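Student: Starting off with a structure, shown below.
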Amino acid sequence: MTESLQQQPDDDLPDYGLLDDDATLRLHTLVRAVAAAAESGEIERAEAIVALGDGVRELSRSAPEVADVTVRDAILRELRPAFDTVGWQALEPFEF
């Protein structure tokens, strides 16, 4: 599951509640990749959860606040449209 995103200005990124702009960009890239893979039918819901969890754990090494419920809620907010599009049940904050 890979997606090539053009570098977006930081002002265009959703507010995930992270303290670092680089971490925000990395998280947004992960969220968009999971959403795109779901919408394209490339992955199943369980695989999306694993990919998201793996990415969040990796990011937590440099941005531990990614584990906060506020950040997780923002991730869910950004993924909700893709999950709704494919008819998947919405994620819970600590499901991934």
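The values are calculated or read from the model by the stated rules, or taken from the named source; none is laboratory data. If you're wondering where the values come from, they're calculated on a predicted model, not measured in any experiment. Neighbour counts are summed over all protein chains in view; Cβ atoms, including those assigned to glycine, are modelled from backbone coordinates with ideal geometry.
Student: Only residues that are closer than 16 Å to Ala33 by Cβ and basic (Lys, Arg): list them for region 54-79, please.
Tutor: Correct list: Arg57 only.
Student: Let me ask another. Within region 27-42, how many residues turn out to be closer than 20 Å to Phe94 by Cα and over 9 Å from the mean Cα position of the chain (by Cα)?
Tutor: The qualifying residues number 1.
Student: Let me ask something else. Please go through region 26-44 and pick out each residue that is in a loop (DSSP other than H, G, I, E, B) and touching a residue at least 40 places away in the same chain (Cβ under 8 Å).
Tutor: Gly41, Glu42, Ile43
Student: Read through the list (1) part of a helix (DSSP H, G or I); (2) farther than 16 Å from Tyr16 by Cα, then give the number of the only condition that Gln89 fails.
Tutor: (1)
Student: If Ala46 passes every condition in (1) within 16 Å of Leu18 (Cβ to Cβ); (2) modelled with pLDDT of 95 or more; (3) over 11 Å from the mean Cα position of the chain (by Cα) but one, which one does it miss?
Tutor: Of everything listed in (1) within 16 Å of Leu18 (Cβ to Cβ); (2) modelled with pLDDT of 95 or more; (3) over 11 Å from the mean Cα position of the chain (by Cα), Ala46 misses just condition (1).
Student: State whether the residues of region 75-83 include one that is over 13 Å from Leu27 (Cβ atoms) and outside any helix (DSSP H, G or I).
Tutor: No, that holds for no residue.
Student: Moving on to the next point. Just name the residue that is surrounded by the fewest Cβ atoms within 10 Å (Cβ to Cβ) out of those in region 1-25 that are modelled with pLDDT under 90, in a loop (DSSP other than H, G, I, E, B) and of a type outside the set (Val, Ile, Thr).
Tutor: Among those that are modelled with pLDDT under 90, in a loop (DSSP other than H, G, I, E, B) and of a type outside the set (Val, Ile, Thr), it is Gln6.
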